[in-house]
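Have a look at the structure below before the remarks.
FYI, it's all coordinate maths here, none of it is from the lab. The model shown is predicted, which means the values in this text are computed figures rather than measured ones. Neighbour counts are summed over all protein chains in view; Cβ atoms, including those assigned to glycine, are modelled from backbone coordinates with ideal geometry.
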Amino acid sequence: MPLTPETLPRHELVGLDVEVVAASNPDAIGIEGRVVTETTRTLGIEGADRVWHVPKDGATFTFDLPSGERVRTAGSKLVARPARRTETTGDSQWR
């Protein structure tokens, strides 16, 4: 399945460039870099000088897709174990 704005929650996020555009913690707004780790509730974003661990819930992210598109998505749609989220979210030919 190709990586598109509609299928973003079904894909691996590690390796994508991302920016935090809104968050319940005002200090997290503006963090940008590459996703280097993902847990059930956080994204690890490697910036210029450190890795930030940003909670998914309560944040809005803008991801840069390989196609050049920018996709804005609510972190609440991404809250799940990465392996579980990619196999069960959305329409799957494997279910």
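Applying the Karplus parametrisation 6.51 cos²θ - 1.76 cosθ + 1.60 with θ = phi - 60° to the phi angles of segment 41-46, what ³J(HN,Hα) value in whole Hz is obtained for each residue in order, glycine and proline being reported as x?
10, 9, 10, x, 10, 8
For the modelled label position 7 Å from the Cα of Asp57 along Cα-to-Cβ, which residues of segment 17-36 have backbone nitrogen atoms closer than 15 Å?
Answer for segment 17-36: 24-25.
Rounded if a/c is under 1.5, else prolate if a/b beats b/c, else oblate: with a ≥ b ≥ c from the C-alpha gyration tensor eigenvalues square-rooted, which is the chain? List each step's numbers first, then the result.
On the way: a/c = 1.82, a/b = 1.53, b/c = 1.19.
The shape class here is prolate.
Compute the distance in nm between two label points, each set 7 Å from the Cα along the Cα-to-Cβ direction, one at Asp64 and one at Ile29.
Distance between the two pseudo-spin positions: 2.2 nm.
In sequence order, what are the phi-derived ³J(HN,Hα) couplings for segment 47-58 according to the Karplus relation 6.51 cos²θ - 1.76 cosθ + 1.60 with θ = phi - 60°, rounded to whole Hz, with x for glycine and proline?
For segment 47-58, the Karplus-derived couplings read x, 5, 10, 6, 9, 9, 10, 9, x, 5, 5, x Hz, x marking Gly and Pro.
Size of the dipole of the chain about the Cα centre, Lys and Arg at +1 and Asp and Glu at -1 on the beta carbon, nothing else charged, in debye to 20?
Working: 12 positive and 14 negative charges, 85 e Å.
Computed charge dipole of the chain: roughly 400 debye.
Please give the length that would be gained between Ala74 and Thr7 if that part of the chain were fully extended, namely 0.36 nm times their separation in residues minus their C-alpha to C-alpha distance (nm, one decimal). Intermediate results must be reported in sequence, preceding the final value.
On the way: separation 67, 0.36 × 67 = 24.12 nm, distance 1.36 nm.
Full extension of this stretch gives 22.8 nm more.
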